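The values are calculated or read from the model by the stated rules, or taken from the named source; none is laboratory data. Remember, it's a predicted structure, so these values are computed and weren't measured experimentally. As a convention, Cβ positions derive from the backbone with ideal geometry for all residues, glycine included, and neighbour counts pool all protein chains shown. Accessible surface areas use protein heavy atoms only, side chains included; no ligands, DNA or RNA. Shrake-Rupley method; radii C 1.70, N 1.55, O 1.52, S 1.80 Å.
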Amino acid sequence: MTSSIAFKSFTGLRHSSAEPPKLHSQLHNISPPNYCQRRLQITAGISSPKLQNRNLRVAVIGGGPAGGAAAETLAKGGIETYLIERKLDNCKPCGGAIPLCMVGEFDLPLDIIDRKVTKMKMISPSNIAVDIGQTLKPHEYIGMVRREVLDSYLRERAASNGANVINGLFLKMDIPKGGRGSETAPYVLHYTEYNGKVGGAGQKKTLEVDAVIGADGANSRVAKSIGAGDYDYAIAFQERIRIPDDKMVYYENLAEMYVGDDVSPDFYGWVFPKCDHVAVGTGTVTHKGDIKKFQLATRNRAKDKILGGKIIRVEAHPIPEHPRPRRLSDRVALVGDAAGYVTKCSGEGIYFAAKSGRMCAEAIVEGSGNGKRMVDESDLRKYLEKWDKTYWPTYKVLDVLQKVFYRSNPAREAFVEMCADEYVQKMTFDSYLYKKVVPGNPLDDLKLAFNTIGSLVRANALRKEMNKLSV
Amino acid sequence: MSISMSFFSPPPPTHLLISFSSKPHFTDKTIFFLRPANPLLLSAPKVSTDNGAGISAAIEEPKAEQKVAEPAGSAPEGEESSLGSNGAVADAGVKLESKFVDPRWIGGTWDLTQFQKDGSTDWDAVIDAEVRRRKWLEGNPESSSNDDPVVFDTSIIPWWAWIKRFHLPEAERLNGRAAMIGFFMAYVVDSLTGVGLVDQMNNFFCKTLLFIAVAGVLLIRKNEDIETLKKLLDETTFYDKQWQATWQDETRSSSTAE
């Protein structure tokens, strides 16, 4: 009987919350043969006990895009949701670029998008500049958002769907020890609650929940509590510069990417337009100590275009380079930056954070039958399975691109040369904007492969000559 | 003074930006224009060593320039004005850049009409010029500007020019190695087993050895290549391993749960 609930609950998600009681009553009518037959297919939730008198309690630690999306989906699914965020007006340092599909998938209102970037300029080490974006259709763009605006919008939407937003700092978590009864024992979260009444220091509180989603970013404490392991990370350093209006016109809907050893040995420098200023920054994994030098070089490369600008803010943040060794432990799952879901090559993380938060929440809602029963690790594993299956090709392709094209200056020159090709631009934007690795026309792919090899060979040949010069 | 006169006369106005260049480059550029052929090899390395260390050498740079300034004796006003315009952007870290200048580099690309030799374009000279430009820029990164963008594309140099210059010498070397190895091994195998060359070609084991020899000659060209190949192999699978790490967990825990 329990299996049929798990089976039917998938359709139950589509209906309003009035439905589940009806399904619940139906289960008594299911005959034993069906039960035995379905047992082979479904392993999740069979032995999970039904929760008495209450719904499943899930805490989401961290209120960024991942946390907000997760909390919204959980709350909509009928689960008692707690969203713990330490700074509700946090102005996060971030590139702030979101792909077109995010606007549709997450129903984002267009007024939270400050700018629609429709042109990009790639600039090679020898200052060969290539414009990309001619293949974009009129309705396609890369949205630039302010993180504080996006994050608070998602959080408020979660709250309006029934999530309890708590302004507090997560300290640690008591994990139920193994053994009998541990499948239902709650996780005890210790946090400091900040509310205006008590004052600055905050009040220590605890909260008992059945499952935890760790969405607390690159320095995740939840990850530490479950021993998720470490990852390599890049440091992204950024300066927000307010430039004169006539120079700002150039960046109206254009973003720039600078590549070169002077700018970063393994990443790129950027100039991204924000609401009324530009963000000039760079990043690196292997040479974190030289980040200031790289930043100066980036500013130098963009010098003519940002001349007369004033630096209004300097910020830095870590960017994970790959997922943590353990993204899941019992009933605790990591999503977003905490899990390490940032792509290589472009360093994009906002969309993947929100999507993974949503996917994890969906897995919990499904595994618990809209909050009616306890979940266990296998329910959460389903989220990992779905995630890896859907986005592994994207991550792998970007990893290959980074390995091939960010290796050395000749490789970067070849990269910029390749970007001048229209087919490349179309493929790049299609896969970036819609997050699908689309196999293109095989003949064009072959031509592209040929041209890539040609560019790489030419650039490396030039570099060999350059080495001969210095001797 | 006469040197500076000859400098300012020929090229288009954009190149007057050189006026706020640092001192050592100024003298190098004058030699450059008077006799384009030989001193390029002298001037380019000299220039790169001066600025080789990049931005972090900004503090030492002005001092070095001061020392060389005395013999050159050119005007300092150009430098001060550029300091004024740069100061607004950021702190004193931004150092003065001298732009890459060459009479054949016009409008952000190489002017092919200036590379004529015997009626047709001397592609080798174009390649040399681009190499020098990239070498210069590696040591002295320039700001990319919208007013004179770089639009040079290496694919305008025809494929046969690349092959003649880069592929053919390397191909000759590799074919030579393959031939030496082939002859020697054929002789050794013949003397040891008595199997002649034609019969060796029909033998599967010998064909395998031949395949390995050809692959080895192609892939391993320097001693370091062996290490490089091993690292490449690790690299291709490393990212996959990082993603699979969370699943190693599952097989362990699911086996204990049962």
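How do A:Leu88, B:Leu197, A:Leu307 stack up against each other in accessible area, from largest to smallest, with a 1.4 angstrom probe? Don't jump to the answer; show the numbers that get you there.
Details: A:Leu88 70, B:Leu197 110, A:Leu307 50 Å².
Correct descending sequence by accessible area is B:Leu197, A:Leu88, A:Leu307.
If R₀ is 45 angstrom, what is the calculated FRET efficiency for the pair B:Asp153 and A:Asn195, using the beta carbon separation as r and rounding to 0.05?
Values: r = 61 Å, r/R0 = 1.36.
With a Förster radius of 45 Å, E is 0.15.
If you stretched the chain out fully between A:Arg313 and A:Thr286, how much longer would it get, using 0.36 nm times the residue separation minus the C-alpha to C-alpha distance?
Working: separation 27, 0.36 × 27 = 9.72 nm, distance 2.48 nm.
Stretched out fully, the A:Arg313 to A:Thr286 stretch lengthens by 7.2 nm.
Summarise the accessible area of segment B:105-246 (1.4 Å probe, protein heavy atoms) by the percent that is carbon and sulfur. Please report the intermediate quantities before stating the final value.
On the way: 5830 of 9000 Å².
Carbon and sulfur: 65 percent of the exposed surface of segment B:105-246.
Roughly how many percent of the accessible protein surface of segment A:313-382 is carbon and sulfur, given a 1.4 Å probe and a whole-percent answer? Kindly include the intermediate steps, with their values, before the conclusion.
Details: 720 of 1470 Å².
Carbon and sulfur atoms account for 49 percent of the accessible area of segment A:313-382.
With r as the distance between the Cβ atoms of A:Lys205 and A:Thr184 and R0 = 22 Å, compute the FRET efficiency 1/(1 + (r/R0)^6) and round to 0.05.
On the way: r = 23 Å, r/R0 = 1.03.
Taking R0 as 22 Å, the efficiency between A:Thr184 and A:Lys205 is 0.45.
What is the distance, in nm, between label points placed 7 Å from the Cα along the Cα-to-Cβ direction at B:Phe211 and at B:Leu233?
1.6
Could you size up the charge dipole of segment B:105-246 around its Cα centre, putting +1 on the beta carbon of Lys and Arg and -1 on that of Asp and Glu, and report it in debye to the nearest 20? Could you put the intermediate results ahead of the total?
On the way: 15 positive and 21 negative charges, 108 e Å.
Once rounded to the nearest 20, the dipole reads 520 debye.
Can you give me the orientation-averaged projected area of the convex hull built on the Cα atoms of chain A, in nm²? Present the calculation step by step, with values, prior to reporting the outcome.
Values: hull surface 106.6 nm².
The orientation-averaged projected area of the Cα hull of chain A comes to 26.7 nm².
In percent, how large is the relative contact order of chain A, given Cα pairs closer than 8 Å and 6 or more residues apart? Walk me through the numbers on the way to the answer.
Values: 940 pairs, mean separation 95.1, N = 471.
Normalised by residue count, the contact order of chain A is 20 percent.
How much accessible surface area, in Å² rounded to 10, belongs to the heavy atoms of A:Cys91 with a 1.4 Å probe?
40
Which value results when the Cα radius of gyration for segment B:105-246 is divided by 2.2 N^0.38 Å?
Working: Rg = 24.0 Å, N = 142, 2.2 N^0.38 = 14.5 Å.
Relative to the 2.2 N^0.38 Å estimate, segment B:105-246 comes out at 1.66.
What spacing in nm lies between the two simple spin-label points modelled at B:Phe204 and A:Arg54, each 7 Å away from Cα in the Cβ direction?
The modelled label-to-label distance comes out at 7.1 nm.
Nearest-5 percent of antiparallel DSSP beta bridges in segment A:50-179?
Counting only bridges with both partners in segment A:50-179, antiparallel ones make up about 55 percent.
What whole-number value in Å² describes the accessible area per residue of chain A for a 1.4 Å probe?
Details: 19590 Å² over 471 residues.
Roughly 42 Å² per residue, with all protein chains present.
Normalised by the number of residues in segment A:368-453, what is the relative contact order in percent for Cα pairs under 8 Å and 6+ residues apart? Write out the running numbers ahead of the final one.
On the way: 26 pairs, mean separation 17.9, N = 86.
Reported relative contact order: 21 percent.
Please calculate how many Å² of accessible area segment B:105-246 carries per residue, with a 1.4 Å probe and no DNA, RNA or ligand atoms counted.
Values: 9000 Å² over 142 residues.
Accessible area per residue, segment B:105-246: 63 Å².
Here are some pairs, A:Lys247/A:Lys426; A:Lys92/A:Lys344; A:Lys204/A:Lys372; A:Lys119/A:Lys293; A:Lys92/A:Lys205; which of them have Cα atoms lying more than 23 Å apart in this structure? It would help to have the intermediate numbers written out before the result.
On the way: A:Lys247/A:Lys426 29 Å; A:Lys92/A:Lys344 20 Å; A:Lys204/A:Lys372 30 Å; A:Lys119/A:Lys293 28 Å; A:Lys92/A:Lys205 26 Å.
Exceeds cut-off: A:Lys247/A:Lys426; A:Lys204/A:Lys372; A:Lys119/A:Lys293; A:Lys92/A:Lys205.
If you average the alpha carbon positions of segment B:125-200 and of segment A:80-141, how far apart do those two centres end up, in angstrom?
42
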